[in-house]
Amino acid sequence: MNLAKMKPGEQGKITGMGVTGPLRRRLMDMGVLVGEEVKVGKVAPLGDPIEVTIKNYSLSLRKKEAESIAVEVFK
């Protein structure tokens, strides 16, 4: 599953990132790292942007960016 498919309130763990280059570096600089726990806060009505919490920081990601982040959802 990718981060863009998660619903508000769901939590999971980042298992992989499908981007390279400057976008990957930017996401890593923001704390989006494999193994980190992530929680979806809000999703805009059209699905873009998505507000997530990682390491107690709130981030706003574009849907295209979130689609490239693989997550394992906690049940």
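No lab work stands behind these numbers, since they all come straight from the coordinates. Please read all numbers here as calculations on a predicted model, not as lab measurements. Every residue, glycine as well, gets a Cβ built from its backbone with ideal geometry; the counts of neighbours run over all protein chains shown.
Quick notes on this one:
- Where a residue in segment 35-51 is closer than 20 Å to THR15 by Cβ and touching a residue at least 40 places away in the same chain (Cβ under 8 Å) and its partner, wherever it lies, is of a type in the set (Val, Ile, Thr) and assigned to a loop (DSSP other than H, G, I, E, B), with Cβ under 7 Å and at least six apart: none
- Considering segment 9-43, and only residues there that are part of a strand (DSSP E or B) and charged (D, E, K, R), the residue that is farthest from PHE74 (Cα to Cα) turns out to be LYS42.
- Number of positions in segment 44-75 that are in a helix (DSSP H, G or I) and among the hydrophobic types (A, V, I, L, M, F, W, C): 1
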